[in-house]
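Down below is the structure, laid out as C-alpha cells.
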Amino acid sequence: MNARILTATAAAVLLSSGIGAREGSHAAPADTECHAQHDATAPDTAKELVFENLPGYNKKCWIGDSLYFTYKFNKKPKMGTAILVVRLFDTKDAQLSNLEILGSSDMPSMRGAHDSGEVPFKLNKKSAYLLPVNLVMPGEWEVKLVFKKGDETLFRGRFLFKI
Ligand SMILES: [Cu+2]
C-alpha cells in the first residue's frame with residue numbers, strides 16, 4: 001500500500017511541476033518497480049523486456065559464464081527466405097542442444113507490419129538451430145532471439161541487418 005501511495009504522490013508532484021509531461025508519467029521509475037513486483041500477472045511486461053545488442057555474425061555471444069552461442073545466416077540475406085543458424089556451446093566448445101530458442105523478425109521502421117511473432121528454432125541433425133526468416137521488403141530488419149530452459153528465460157538478444 002505504501003508503495004502505491006508513494007507512486008501516486010510522486011506522479012502528482014511530477015505532473016504539477018510539469019516534469020512528467022515530457023515523457024508521460026509512465027517514465028517514472030516507481031512505475032517500473034511496481035511492474036517488476038507483479039511481473040507474473042502484468043499483461044504488458046513485453047514492453048519492458050530488454051534485448052541485448054548482439055556482437056555480430058559468428059561472434060561469441062555469452063549467456064552468463066557457462067554458455068555461449070553464435071549466429072549467422074546460411075548465406076547473405078536478401079529478399080525471400082533467409083535461414084538463420086544459431087549454434088550453442090559450453091565453455092569447452094562442446095555443442096549443446098538442450099535449450100529452446102525462439103526467434104522473431106520485423107522491420108523497425110514499420111514496426112508490426114511484418115512481425116513474424118515468436119517462432120521456435122528447429123534443431124537439425126548437427127545440433128544447429130535453424131529459423132527461416134521471411135524478408136519481404138528491402139530495408140532494415142531486426143531479429144530478436146530468446147533463449148529458454150523450460151519456463152525460464154536465460155537470455156534475450158537482437159541484431160539489425162539491411163537487405
Ligand atoms: Cu516493411
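None of Leu135, Leu145, Leu88 is surrounded by 15 or more Cβ atoms within 10 Å (Cβ to Cβ) and either more than 22 Å from Lys162 (Cα to Cα) or not assigned by TED's automatic domain parsing to the domain that holds Arg156 (or both) except Leu88. Among (1) touching an Asp or Glu at 6+ places or on another chain (Cβ under 9 Å); (2) within 24 Å of Val50 (Cα to Cα), where does Ile101 come up short? Every condition holds for Ile101 apart from (1). Once segment 91-128 is narrowed to residues that are among the hydrophobic types (A, V, I, L, M, F, W, C) and in a loop (DSSP other than H, G, I, E, B), the residue that is most open to solvent (accessible area, probe 1.4 Å) is Ala113.
Taking every residue in segment 103-128 that is more than 16 Å from the ligand (Cβ to nearest atom) and of a type in the set (Ser, Thr, Tyr) and pairing it with any residue that is open to solvent by 40 Å² or more (accessible area, probe 1.4 Å) and not in a helix (DSSP H, G or I), at least 6 positions away or on another chain, the pairs with Cβ-Cβ distances below 7 Å are Ser127/Gln95; Ser127/Ser97.
The values are calculated or read from the model by the stated rules, or taken from the named source; none is laboratory data. Remember, predicted model here, so these are calculated numbers, not experimental data. Glycine also receives a Cβ, built like all others from the backbone with ideal geometry; neighbour counts cover every protein chain displayed. Quick note on the areas: whole protein, heavy atoms, side chains included, nothing else; ligands and nucleic acids left out. Shrake-Rupley method; radii C 1.70, N 1.55, O 1.52, S 1.80 Å.
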